[in-house]
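Structure first, then comments.
Values quoted throughout were computed directly from the atomic coordinates according to the rules given, and no laboratory measurement underlies them. A quick note: this is a predicted structure, and the numbers were derived from the prediction, not measured. Reconstructed Cβ throughout: ideal geometry from the backbone, glycine too, with neighbour counts over all protein chains shown.
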Amino acid sequence: GENVEQHPSTLSVQEGDSAVIKCTYSDSASNYFPWYKQELGKGPQLIIDIRSNVGEKKDQRIAVTLNKTAKHFSLHITETQPEDSAVYFCAASIGNDMRFGAGTRLTVKP
Amino acid sequence: DAGVTQSPTHLIKTRGQQVTLRCSPKSGHDTVSWYQQALGQGPQFIFQYYEEEERQRGNFPDRFSGHQFPNYSSELNVNALLLGDSALYLCASSLGVRAGETQYFGPGTRLLVL
């Protein structure tokens, strides 16, 4: 089955800096790659997603890139703000079975 | 527009008991997926319901079962609870069962098994 690895597990940045989180997946059949943000005591919230026919997608300060050949995808957050502090999860989907990475705890220091 | 709702928010059970968790999907959605999230880990797919049938299942034992009602709401049942079943149980809804449909999560039910 699909296996998703996510790095780093923790990331601390200064407010205004950029943050990058990377994920790799094992099954080349995966075709949908969402990113979720989870705040304490809440369910995951979709922040951006990308499909296998697209290499890059951007939404304001957030961007995601996908390299199908290398089977990895990354989340880029620019101009980070304290409210970006949360746990971020990547996921890869084959059919409707979505496999998640272990998460990255992002801390943005004011 | 109501998002995904789950009940109860918290639950405490003892080993061997049975539990039922409930989920109402986002307005307009007809598909419900259930996930288990252990502390410090990513969600793990349990199963998905569409048209009142289980369509896909992850690597979970038969102690985990579910149901979907005609109004698209869903229940997750866990029998013979084990200490290891303690986790946050998340419900996600989507529209249809095509691969790669965007899933929206509810706030979860935190289950503690003593």
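Points worth noting:
- P(r) of the protein assembly as shown over all Cα-Cα pairs, binned every 5 Å from zero, in whole percent: 1, 7, 15, 18, 19, 17, 12, 7, 3, 1, 0
- R0 of 22 Å, Cβ-Cβ distance B:Leu11-B:Phe69: FRET efficiency to nearest 0.05: 0.60
- Using a simple spin-label model with pseudo-atoms 7 Å out from Cα toward Cβ, A:Lys42 and A:Ser12 lie 2.4 nm apart.
- In plain terms, the residue of A:Asp59, B:Asp85 with the fewest other Cβ atoms within 10 Å comes first and the most crowded comes last, giving A:Asp59, B:Asp85.
- Each 10 Å bin from zero holds the following percent of Cα-Cα pairs in region B:1-101: 16, 50, 30, 5.
- Distance between the pseudo-spin-label points of B:Arg57 and A:Ser26 (7 Å out from Cα toward the beta carbon): 2.2 nm.
- Sorting B:65-71, B:30-36 by their mean Cβ neighbour count within 10 Å, with the most densely packed peptide first, gives B:30-36, B:65-71.
- Equivalent ellipsoid semi-axes - Cα gyration tensor, chain A, angstrom: 23, 14, 12
- Positive dipole terminus of region A:13-86, leading residue within A:Trp35, A:Thr78, A:Tyr25 (C-beta point charges): A:Tyr25
- Sequence-ordered 3J(HN,Hα) estimates for region B:29-39 from the Karplus curve with 6.51, -1.76 and 1.60 and θ = phi - 60° stand at 8, 10, 10, 10, 10, 10, 9, 10, 10, 6, 4 Hz, glycine and proline given as x.
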